[in-house]
Amino acid sequence: MERETEMRQMRIRGIVIPVEWDAKGKAIKAAILTADEGEFLVEENTMGRKLLGMVQRVVEVRGLVRAEGGRKIITVEDYRSEL
């Protein structure tokens, strides 16, 4: 079983979905939902914030993945949108 602090380089493909909103209803956190119903919470860094503009689009993301509190979190290093 993976330890919670272990990080792995991964490439994932899925749809960007909002998972948290501010008081005005603007998405402030995103996740990637994969075809096998996996969910990767996007870390709030510069690249992660850029993904907020890609909600409901299919993307391929490369980054470091870690488990934290039973959830998978990805620190996005780069991504590309698939039209």
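Here are a few things to note about the model shown:
- Residue in the range 41-61 that is aliphatic (A, V, I, L, M) and under 13 Å from residue 9 (Cα atoms) present: yes
- Of the strands (runs of 3 or more DSSP E) that lie entirely inside the chain, those containing 3 or more residues that are surrounded by fewer than 17 Cβ atoms within 10 Å (Cβ to Cβ) span 7-21, 27-34, 58-68, 71-82.
- Flag for residue 34 being in contact (Cβ under 8 Å) with a residue 12 or more places away in the chain and closer than 20 Å to residue 81 by Cβ: yes
Bear in mind that the values in this text are calculations on the coordinates, not laboratory data. Owing to the predicted nature of the structure, the values given are computational and were not obtained by experimental measurement. Backbone-built Cβ (ideal geometry, glycine too); neighbour counts: all protein chains shown.
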